[in-house]
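As structure tokens, the structure follows; a few thoughts come after it.
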Amino acid sequence: MWLRKLGGGRVLPDFACVGSIKGGTSDLAANLFSHPSVVPPFAKEVFDTDPEVRREHYPTVTEMRRVRRQTGNARTGYFTPALTFLDLPGRYRAAVPDAKVVLVLRDPVSRAYSQYKWELLVGGPEAAVAPAYAAFVEASLAAYPEPAPTYCGLPLLRSGEYDVLTAAWLAAFGLDRIHLVRSEDYFADRTTLAGIYEFLELPAIDFVPVPRVNENPLVTPGEDPASKALLAEFYRPHNRRLEESFGRDMGWT
């Protein structure tokens with residue numbers, strides 16, 4: 001990173017691709033990296049919310065000009081599951097007023113179970129004695145509004161309160177500068193990338209398949225119906241408010 005400071009003037013990301021942990025941002029980032037007009041950052045995830053701290057991760061002005069000449073456009077993005085960082089939208093808009101935002105949102109009930117599986121994976125030996133999913137959900141609901149402890153450091157329930165988490169992005173950028181992607185649509189049909197390309201004003205290209213990214217290899221019993229019902233009830237008002245904010249039926253329970 002120190003050497004990159006010597007490489008000449010660097011740009012800041014002109015678009016952000018954000019969501020909650022286990023929402024699909026890693027896979028979408030990998031596919032966007034395959035577009036010839038997208039110049040990847042030095043590291044896929046940069047968790048500092050100060051844009052200037054991130055500048056060394058991004059390409060030089062010269063590199064962006066070269067890619068723009070070769071492909072017709074050039075963009076570089078911020079790809080981090082940072083939806084829970086509520087101070088990020090305002091700071092990012094202040095630093096890059098013309099930025100665009102791709103929001104990737106997954107059904108919060110299934111996202112919660114995927115985070116539980118991630119807890120088991122990253123927790124190592126300690127996670128071997130972690131509570132079953134039902135107990136994990138019950139503990140999170142009992143602790144709410146305080147977050148129950150997690151190995152990954154991100155709150156289970158609040159990571160799916162999309163109405164709250166997207167409000168700062170809407171306030172900073174407005175609907176016209178935000179492209180909302182349902183994670184379910186993206187994984188069911190990767191040609192949804194075409195809509196993202198259009199939103200980012202990137203040249204249309206044929207879909208280039210890449211292997212799925214960041215899939216959890218653990219085999220687990222699956223979501224139990226009682227926990228799914230509890231989470232569906234918890235998230236129902238949040239989902240309704242999200243749909244009202246974006247004027248869109250998300251199709252979740």
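The values are calculated or read from the model by the stated rules, or taken from the named source; none is laboratory data. Being a predicted model, the structure only gives us computed values, none of them experimental. Ideal geometry is used to build each Cβ from the backbone, glycine not excepted, and the neighbour counts take in all protein chains shown. Just so you know, the surface numbers come from the protein's heavy atoms only, side chains and all, with ligands and any DNA or RNA stripped out. Shrake-Rupley method; radii C 1.70, N 1.55, O 1.52, S 1.80 Å.
How are the Cα pair distances of region 55-106 distributed, in percent, across 5 Å bins from 0?
Per 5 Å bin, starting at 0, the Cα pair percentages come out as 4, 15, 22, 25, 17, 11, 6, 1.
Using Cα atoms only, what is the angle between the long axis of helix 225-246 and the major principal axis of the chain, expressed in degrees (0 to 90) to the nearest 10?
For helix 225-246, the angle is close to 40 degrees.
Would you mind checking the tilt of helix 162-173 against the longest principal axis of the Cα atoms of the chain, expressed as 0 to 90 degrees and rounded to 10?
Its long axis makes an angle of about 20 degrees.
What number comes out for the charge environment of residue 54, summing +1 per Lys or Arg and -1 per Asp or Glu over other residues with Cβ under 11 Å away?
-2
On the principal axes of its Cα set, how long, how wide and how thick is region 1-127? Give whole Å, largest value first.
For region 1-127, the Cα spread along each principal axis is 47, 30, 28 Å.
Using a 1.4 Å probe on the protein chains only, how many percent of the accessible area of region 184-247 belongs to carbon and sulfur?
Ligands and nucleic acids excluded, carbon and sulfur reach 56 percent.
Per-residue counts of other Cβ atoms within 10 Å, averaged by peptide: what ranking do you get for 74-83, 60-69, 110-119, highest first?
Per-residue mean Cβ counts within 10 Å order the peptides as 74-83, 110-119, 60-69.
Over the chain, average the accessible area per residue using a 1.4 Å probe and give it in Å², no decimals.
Here the per-residue accessible area is 46 Å².
What percentage of the solvent-accessible surface of region 1-116, computed with a 1.4 Å probe over protein heavy atoms, is contributed by carbon and sulfur atoms?
55
Net charge near residue 34, counting Lys/Arg +1 and Asp/Glu -1 over other residues with Cβ under 14 Å of its Cβ?
+2
Relative to the longest principal axis of the chain, what angle (0 to 90°, nearest 10) does the C-alpha long axis of helix 133-143 take?
80
Which order do the peptides 30-38, 140-148, 191-199 take when ranked by the mean count of other beta-carbon atoms within 10 Å per residue, highest first? Don't skip to the end; give the middle numbers.
Working: 30-38: 18.4, 140-148: 14.0, 191-199: 15.8.
Output ranking for 30-38, 140-148, 191-199: 30-38, 191-199, 140-148.
Quick check on packing: order 100-108, 208-216 by the mean number of other C-beta atoms within 10 Å, highest mean leading.
Ranking, from highest mean packing down: 100-108, 208-216.
Can you tell me the length gained on complete extension of the stretch residue 122 to residue 141, counting 0.36 nm per residue apart and subtracting the Cα distance?
4.6 nm
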